[in-house]
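Participant: Okay, handing you the structure first.
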Amino acid sequence: CHDSNGDLHEFGSSWRNADCYDCSCFRSGIGCCSSFATPADYNAEKCVSIFSKETCTYKVVEKDDHSKECPVYEWVG
């Protein structure tokens, strides 16, 4: 299988791409799904979600003070 970067992967192999998706190579092609959960229910007026490609996670923090985390009531992914 050739991925979107043109890299070759063996049948039956798995990897995580640069966009934090877990991918697998099958004889029928490549299948990928997100490796992270996305915050779906939080106070969007007061808070902002920030994605880190280094850790493949979201952090929800106050817009005015990124050192203060906000509660998240629902995650999807």
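Participant: Of all the residues that make up segment 11-26, how many are in contact (Cβ under 8 Å) with a residue 24 or more places away in the chain and over 19 Å from F51 (Cα atoms)?
Facilitator: 2
Participant: When the residues of segment 17-30 are narrowed to those that are in a loop (DSSP other than H, G, I, E, B) and open to solvent by less than 70 Å² (accessible area, probe 1.4 Å), which ends up farthest from G77 (Cα to Cα)?
Facilitator: Filtering first and then ranking leaves N17.
The values are calculated or read from the model by the stated rules, or taken from the named source; none is laboratory data. Predicted, not measured: the structure shown is a model, and the values here were computed from it. Cβ atoms come from the backbone with ideal geometry, glycine included; neighbour counts cover every protein chain shown. Areas reflect the complete protein model, heavy atoms only, side chains present, ligands, DNA and RNA absent. Shrake-Rupley method; radii C 1.70, N 1.55, O 1.52, S 1.80 Å.
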